[in-house]
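Below is one structure; the comments refer to it alone.
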Amino acid sequence: MPPVFKGIDDKGNPIGTNVTFWKAVKAGAKAPDGKPLWYKKGIQYWDGVDATDDGVLGGYGHVSSLDAQENAEFLNDVMGEHLEDAESEGEKLVSLDCGAGIGRVTGSFLIDHFDECDLVEPVAHFIGKAEETLGGESKRPDGHRCVNFFAEPLESFTPEPGRYDAVWIQWCVGHLTDEDFVSFFRRCADGLKPGGVVFMKENNAKDGFVLDTDDSSLTRSHKYFMHLFEDQLGWEVVKHRLQQNFPKELFGVRMYALRPK
Ligand code: SAH
């Protein structure tokens, strides 16, 4: 029997298990495009949010530099050597930033490590802002640049096969159903070069999951994520660790490095 996880809503009321919850989302109201209303509500929420660091981080824009610093350390621990070797062989290093918002993660960190950065984000005024600030010719001495700005949600996006050294997915998978989560990660695996790594950084609920009724997303626990990675995907979790020094009132935030098998 696969493990089941119990959920609560943001007022602390029990809302059943992951199995019954996703079944209800799937069987529930549909948008005109046939997708569960769940997704439309998520986009509607972000449509009304300012295209700023404070906006995409729910008022915590000031943690962005700490976030970027630990992202860089984690990337380096997991694949620093691989990136160095590839670079010294003249290879072009490429990253993909998923659910990229206004390009905060790319602009504060990925662009320092990858020659080319792509971004994918469904909300028009966010990806527009990302392109405005990060697009065009490189103004950097290292020549690194952002190449593609894809305006699409992850449940339908397919990364170009074999293009990426790293796929970075931060603070957005709460919007994906388990089914779409698993199939998106599988498409990410096809998007990797040999030796490439999928990274995910997410809030961790203490246990089970917590529904956010405002933005139509769900915060999964570490155990829930491990179940998706190991049991559902059959992937190797190469390394995971908690972000340090974030404000105490926030969920724990964990970085995962994943290798498809
Ligand atoms: N990763 C960025 C943005 C975090 S905010 C950062 O760390 O700065 C959450 C982001 O998820 C928003 O940009 C929102 O538009 C995006 N999002 C919402 N639904 C999504 C979906 N179905 N697929 C991909 N991204 C989604």
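For the reader, a short list of remarks on this structure follows.
- Net +/- balance of residues flanking ARG254 in space, Cβ distance below 13 Å, scoring K and R +1, D and E -1: +3
- With respect to the chain, whose longest principal axis is taken over its alpha-carbon atoms, helix 64-88 is tilted by about 50°.
- Considering the chain at the alpha-carbon level, its Rg and Dmax are found to be 17.8, 55 Å.
- Kirkwood estimate for the stretch 162-261, i.e. one over the average of 1/r between Cα atoms, Å: 13.9
- In a DSSP loop and with at most 13 other Cβ atoms within 10 Å, the GluC sites (Glu not before Pro) in the stretch 104-185 are GLU137.
- Fluctuation leader among ALA86, ALA166, ALA124 - the chain, Gaussian network, Cα springs under 10 angstrom: ALA86
- Given charges at Cβ of Lys, Arg, Asp, Glu: the stretch 86-168 dipole, positive-most of ILE102, VAL167, SER156: ILE102
- The mean sequence distance of close C-alpha pairs (under 8 Å, at least 6 residues apart), as a share of the length of the stretch 6-259, puts its relative contact order at 18 percent.
- The orientation-averaged projection of the convex hull spanning the C-alpha atoms of the stretch 82-169 amounts to 5.6 square nanometres.
- Computed from Cα atoms, the angle from the helix 18-27 axis to the main principal axis of the chain rounds to 90 degrees.
- Translational diffusion coefficient (Stokes-Einstein; Kirkwood radius from C-alpha pairs) of the stretch 1-69 at 20 °C, 1.002 mPa s, in µm²/s: 143
- Angle in degrees between helix 124-134 and the longest Cα principal axis of the chain, rounded to the nearest 10: 20
- Computed about its Cα centre, the charge dipole of the chain is approximately 1080 debye, with only Lys, Arg, Asp and Glu carrying charge at their Cβ.
Each value in this text was obtained by applying a stated rule to the coordinates, not by laboratory testing. Fair warning: this is a prediction, and the values are worked out from it, not measured in the lab. Using ideal geometry, Cβ is built from the backbone for each residue, glycine included, and neighbour counts are taken over all protein chains shown.
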